[in-house]
1. Can you give me the angle between helix 156-168 and the longest principal axis of the chain, using Cα atoms only, in degrees from 0 to 90, rounded to the nearest 10?
2. Kindly rank 139-150, 108-119 from highest to lowest mean number of other beta carbons found within 10 Å of each residue.
3. Relative contact order for the stretch 102-148 using alpha-carbon pairs under 8 Å, separation at least 6, rounded to a whole percent?
4. Treating the beta-carbon of each Lys and Arg as +1 and of each Asp and Glu as -1, no other charges, what is the dipole magnitude of the stretch 54-179 about its Cα centre, to the nearest 20 debye?
5. Kindly write out, for the stretch 145-154 in residue order, the coupling ³J(HN,Hα) from the Karplus curve 6.51 cos²θ - 1.76 cosθ + 1.60 (θ = phi - 60°), rounded to whole Hz, with x marking Gly and Pro.
6. At 222 nm, what value in deg cm²/dmol follows for the chain if DSSP H runs of at least 4 each add -39500 (n - 2.57) and the sum is divided by all its residues, to the nearest 500?
7. Among rounded, prolate and oblate, which fits the stretch 115-179 when a ≥ b ≥ c are the square roots of the eigenvalues of its C-alpha gyration tensor, a/c under 1.5 means rounded, and a/b larger than b/c means prolate?
8. Counting only heavy atoms of protein chains, what accessible area per residue, in Å², does the chain have with a probe of 1.4 Å?
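The values are calculated or read from the model by the stated rules, or taken from the named source; none is laboratory data. What you see is a predicted model; the values in this text were computed from it and never measured. Every residue, glycine as well, gets a Cβ built from its backbone with ideal geometry; the counts of neighbours run over all protein chains shown. For accessibility, only protein heavy atoms count, side chains too; no ligands or nucleic acids. Shrake-Rupley method; radii C 1.70, N 1.55, O 1.52, S 1.80 Å.
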Amino acid sequence: MRAAILGVVGWSGSGKTTLLEYLVKALAQSGKSINVIKHSHHDVTLEPAHKDSARLRNAGAGQVLLASPFRYAIVQELRATPEPSLSELLGKLDPADLTLVEGYKWSKLSKLEVYRPSLGKPAIYPNDEHIVAVASDLLKPADFPSTLTWLNLNCPEEVLAWIQLGLDRDEFSCEVENI
């Protein structure tokens, strides 16, 4: 299955979620359907342990679907099974004009790096051939590769315009099975 997918990577504290929040809102307001996959290295708590769905999961249910008039969530307990791959997770989502993936730093899909040198962490793009653009709060370095795009992180409209152009050019489409 071909889908438009763009990874957004960067070190913790770089501003990935803030940028994604802006992009999702702007793209959705423009009529695009947007999905997001957010990876966490921490346990995810959707309900406190004393609530019904958590109690049922703790009792041994493999899946619990929690539904309300406003949303639903399916919680799958992994127990001792491995974490699903990114391609498996993408297969669980409805089709969308664009799926943004936060995390999965070393996956093989087109990625935008959010880079803040003030964090004291190295840039990822020199070691990742799948990064196609960098959004940063500093000016482009003189030795920045001409094959990549440098974007102003302090001007999220610039990042949005780059994504819209990439969608128009089908630059973020890939085979989900190959991720």
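1. Approximately 80 degrees, to the nearest ten.
2. 108-119, 139-150
3. Result for the stretch 102-148 is 39 percent.
4. Dipole size: approximately 680 debye.
5. Each residue's phi maps through the Karplus curve to give x, 5, 7, 10, 9, 9, 10, 7, 5, 7 Hz.
6. Only helices count here, giving -6500 deg cm²/dmol.
7. Cα axes put the stretch 115-179 in the oblate bin.
8. The answer is 62 Å² per residue.
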